[in-house]
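To start, the structure itself, in structure tokens.
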Amino acid sequence: MKWNRVAVLAVATVGMVSGMGLAPRLEAQTQMTASMSVQSVEAADAGRLGQKFVALAGAMTGKYDWRPGPGVRSVADVFNLMLRENGMLTRVLTGEPMQPDAKQGAKMMPISDPAKMQDALRASYDALQKTIGGMTDSQMQEQVKMFGREMTKQNALLMLLSDQHEHLGQSIAYARTNGVVPPWSKPRS
């Protein structure tokens, strides 16, 4: 039986929250999620990450150079890291070889213009989402090498998307430290 991480989390959580009246909702969520493919769940997750990073890239205009301390990634550094990760993950999932200059350690030119950053983030997440959604179950189980380790494409995907959730939290902290409320957190009028 195949389980995806959302279904496992939902099942584990049902027992903990049954006393709070949330069990029926979580059971329904578990049934819905269990019937979805890993690809559709992860493609949707990549889409949500993309929407939030694009929104933050727009909201943080004028603050791209800010960093919490010396030697720590700036706002723009985090956004550019997401672009690099999305490109790398898309290549890993499709089996496309690394670009020759990337093998030699050359880095892509960082983007510092907010409009270009939003466009680049949107395009990179759209490409990633399309790649994930187009994969078969057997492709997800193919072995790849990432960061010097052998793993399935599914594990590579889960590793990088989990990492991106951490960077989303980092970006939210950067925004709030600078007095910027993430657009999805603003009160609705």
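The values are calculated or read from the model by the stated rules, or taken from the named source; none is laboratory data. Fair warning: this is a prediction, and the values are worked out from it, not measured in the lab. No Cβ is skipped: glycine too gets one built from the backbone with ideal geometry, and neighbour counts run over all protein chains shown.
General observations
- Residues of region 67-96 satisfying the condition of being touching a residue at least 40 places away in the same chain (Cβ under 8 Å) and of a type in the set (Asp, Glu): Glu85
- Options Ala156, Ala175; residue that is in a helix (DSSP H, G or I) and either over 14 Å from the mean Cα position of the chain (by Cα) or free of Cβ contacts under 8 Å to residues at least 24 places away in the same chain (or both): Ala175
- Flag: Leu168 does not match the condition of being crowded, with 17+ Cβ neighbours inside 10 Å and under 15 Å from Val41 (Cα atoms).
- Residue selected from region 131-145 under the condition of a type in the set (S, T, N, Q) and not in a helix (DSSP H, G or I), by the criterion nearest to Leu158 (Cα to Cα): Gln141
- Look at region 115-129: where a residue is part of a helix (DSSP H, G or I) and a partner is hydroxyl-bearing (Ser, Thr, Tyr) and surrounded by fewer than 22 Cβ atoms within 10 Å (Cβ to Cβ), sitting 6+ places away or on another chain with Cβ atoms under 9 Å, you get Ala115/Thr61; Met117/Tyr64; Ser124/Thr90; Ala127/Thr90; Leu128/Thr90.
- Residue identified as touching a Lys or Arg at 6+ places or on another chain (Cβ under 9 Å) and in a helix (DSSP H, G or I) among Arg91, Arg84, Arg67, Arg73: Arg84
Condition check ((1) within 30 Å of Lys186 (Cα to Cα); (2) surrounded by 14 or more Cβ atoms within 10 Å (Cβ to Cβ); (3) in contact with a helix residue (DSSP H, G or I) (Cβ under 7 Å, 6 or more places away or on another chain)) across all residues:
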{"position": "Ala59", "(1), (2), (3)": "yes, yes, yes"}
{"position": "Trp66", "(1), (2), (3)": "yes, yes, yes"}
{"position": "Gly69", "(1), (2), (3)": "yes, no, no"}
{"position": "Arg84", "(1), (2), (3)": "yes, yes, no"}
{"position": "Asp119", "(1), (2), (3)": "yes, yes, no"}
{"position": "Leu128", "(1), (2), (3)": "yes, yes, yes"}
{"position": "Gly134", "(1), (2), (3)": "no, no, no"}
{"position": "Phe147", "(1), (2), (3)": "no, no, no"}
{"position": "Ala156", "(1), (2), (3)": "no, yes, yes"}
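- Of all residues in region 37-61, exactly one satisfies the criterion of being over 24 Å from Thr90 (Cβ atoms) and either in a helix (DSSP H, G or I) or modelled with pLDDT under 95 (or both), namely Ala59.
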